[in-house]
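Student: Submitted below is the structure of interest, expressed as structure tokens.
The values are calculated or read from the model by the stated rules, or taken from the named source; none is laboratory data. None of these values were measured; they are calculated from a predicted model. Positions of Cβ are generated from backbone atoms using ideal geometry, with glycine treated the same way; all protein chains shown enter the neighbour counts. For the accessible areas, the whole protein counts, side chains as well, though only heavy atoms, and no ligand, DNA or RNA atoms are used. Shrake-Rupley method; radii C 1.70, N 1.55, O 1.52, S 1.80 Å.
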Amino acid sequence: LYNILNQIRVGTLDIHSLIVIKNDKLVLETYLDPYTEKDLHNLKSVSKSVLSALAGIAIEQGLISDVKAKLSEALPEYFEPTADARKGDITLHHLLTMTSGFDFAEHSERAGKWFQAKNPVRDAIALPITSTPGERFRYATINTHLFSAWLTKAAHMNTPAFAEKHLFTPLGIKDYYWVKDPQGVYWGGTQLYLTPMDMARFGMLYLKKGRYEEEQLIPEQWVDDSTKWRHSVDTHSGYGYWWWRIPASDGYVAAGWGGQRIGVFPSKDLLVVVTASNQQHARYIFRQLYSGITPVKVLGDDPAAFAKLSSLVAELATPAKKTANRIPQAAASISGKKYRFTDNPLGISAMTISFDQPDTAQLEMEIDDRT
């Protein structure tokens with residue numbers, strides 16, 4: 001752990017936070033300045049694994065019959081009579097395994113336009129089908145967003161409300177943010193913001209087979225079913241129900257763009273949470289920790305090593321001393337001016353940046369009728 005943090009300190013690894021829990025003990029919790037334990041991080045596609053948990057809860061409650069339930073029967077209002085007949089065969093299982101068959105590639109021009117669409121659910125279902133549902137794995141956020149619309153309709157409440165009632169509140173997760181699309185459907189599979197420690201709470205729920213204290217929040221069978229290896233994606237990963245699998249191990253990972261990670265390793269009773277801005281660096285940390293941490297239950301005390309590690313954690317969290325110069329001309333020219341935005345997926349209506357002091361900037365944003 002010290003060696004990893006030292007690589008972060010010297011700038012080799014671009015990491016925002018790192019949490020390690022072993023044998024139910026919080027071994028390491030570190031935040032790199034300017035990040036703190038209170039900061040909400042955009043989980044990106046880690047959100048998909050949260051949606052996976054909500055799918056299991058919805059099925060247990062009878063809101064959705066099972067993974068064989070059809071999308072066309074859940075959201076018939078979006079299906080055109082002349083649509084490709086194969087669309088009628090798309091099930092929840094196909095959405096969960098990213099095998100719906102829609103012609104959609106993540107990070108493509110089509111994906112960029114879809115994320116900016118006025119009605120993403122309608123536009124997703126209108127996409128062409130290029131393979132029979134269940135035949136081909138193709139990673140696509142449209143699958144999780146369609147489920148968010150499905151869950152909203154089935155539960156008669158929006159996705160965050162359902163998550164708060166059945167998952168967040170029981171886990172003690174109070175501070176979060178979730179972005180919705182222009183139609184009011186909350187983005188399924190991205191744009192959920194949590195603190196790193198709340199990410200850890202969610203991960204521990206899976207390490208404990210869906211149980212938190214005395215309450216079974218997620219059916220144990222769903223934890224097993226959703227993290228089962230179902231598709232080989234490439235040489236270093238597989239896929240379950242919106243969870244990634246790691247070869248030659250019982251570990252599974254919720255992974256988001258930029259290096260957001262929740263790693264669950266049952267055989268080692270180990271949980272690792274990373275927030276970052278570099279995917280390769282996050283993967284490196286996971287490889288180092290997985291190979292370096294053994295299933296041992298008890299280690300002998302090592303006060304010197306503990307003090308060394310604690311000192312480095314404190315150093316990384318301490319703001320670096322910087323000398324502020326005068327306010328640049330460009331900053332002075334925009335300081336205090338309010339900029340208004342046209343409709344956008346983030347719901348930002350206005351923004352003001354003020355530079356009242358050389359070393360201080362204040363950003364004020366109006367989002368969804370709140371400042």
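Student: Report the residue count in region 22-39 for those that are in a strand (DSSP E or B) and loosely packed, with under 12 Cβ neighbours inside 10 Å.
Tutor: Total satisfying the criteria: 1.
Student: Filter region 143-167 for residues that are within 14 Å of S52 (Cα to Cα) and not small (G, A, S) and give the result.
Tutor: Result: N143, T144, H145, L146, F147, W150, L151, T159, P160, F162, H166, L167.
Student: In addition: With (1) surrounded by 21 or more Cβ atoms within 10 Å (Cβ to Cβ); (2) under 21 Å from the mean Cα position of the chain (by Cα); (3) more than 22 Å from G184 (Cβ to Cβ) as the list, and R138 as the residue in question, which single condition is left unmet?
Tutor: In the conditions (1) surrounded by 21 or more Cβ atoms within 10 Å (Cβ to Cβ); (2) under 21 Å from the mean Cα position of the chain (by Cα); (3) more than 22 Å from G184 (Cβ to Cβ), R138 misses (1) alone.
Student: In region 84-103, how many are closer than 14 Å to Y139 by Cα and surrounded by fewer than 17 Cβ atoms within 10 Å (Cβ to Cβ)?
Tutor: 1
Student: When region 231-290 is examined, which residues are found to be under 19 Å from A140 (Cα atoms), modelled with pLDDT under 95 and among the β-branched types (V, I, T)?
Tutor: Scanning region 231-290 gives a single hit, V233.
Student: Moving on to the next point. Would region 184-205 turn up any residue that is under 15 Å from I57 (Cβ atoms), open to solvent by less than 40 Å² (accessible area, probe 1.4 Å) and either assigned to a strand (DSSP E or B) or touching a strand residue (DSSP E or B) at 6+ places or on another chain (Cβ under 6 Å) (or both)?
Tutor: Yes, region 184-205 contains a residue that is under 15 Å from I57 (Cβ atoms), open to solvent by less than 40 Å² (accessible area, probe 1.4 Å) and either assigned to a strand (DSSP E or B) or touching a strand residue (DSSP E or B) at 6+ places or on another chain (Cβ under 6 Å) (or both).
Student: Out of all the residues in region 349-371, which are among the hydrophobic types (A, V, I, L, M, F, W, C) and more than 22 Å from P34 (Cβ to Cβ)?
Tutor: Once the filter is applied, which keeps residues that are among the hydrophobic types (A, V, I, L, M, F, W, C) and more than 22 Å from P34 (Cβ to Cβ), region 349-371 yields only A350.
Student: Can you find a residue in region 190-198 that is touching a Leu at 6+ places or on another chain (Cβ under 8 Å), under 28 Å from G251 (Cα atoms) and either acidic (D, E) or without any contact (Cβ under 8 Å) to a residue 12 or more places away in the chain (or both)?
Tutor: Yes, the conditions are met somewhere in region 190-198.
Student: How about region 206-229: which of its residues are open to solvent by 70 Å² or more (accessible area, probe 1.4 Å) and either part of a helix (DSSP H, G or I) or in contact with a strand residue (DSSP E or B) (Cβ under 6 Å, 6 or more places away or on another chain) (or both)?
Tutor: E220, Q221, W229
Student: Within the set of pairs 6+ apart or on separate chains, which have a first residue in region 100-129 that is part of a loop (DSSP other than H, G, I, E, B), a second that is aromatic (F, W, Y) and open to solvent by less than 40 Å² (accessible area, probe 1.4 Å), and C-beta atoms under 7 Å apart?
Tutor: These pairs meet every condition: L127/F102; L127/F104.
Student: Further question: Do we have K153 as among the charged types (D, E, K, R), free of Cβ contacts under 8 Å to residues at least 12 places away in the same chain, assigned to a helix (DSSP H, G or I) and surrounded by fewer than 22 Cβ atoms within 10 Å (Cβ to Cβ) here?
Tutor: Values: among the charged types (D, E, K, R): yes; free of Cβ contacts under 8 Å to residues at least 12 places away in the same chain: no; assigned to a helix (DSSP H, G or I): yes; surrounded by fewer than 22 Cβ atoms within 10 Å (Cβ to Cβ): yes.
Here the answer is no, as K153 does not meet what is asked.
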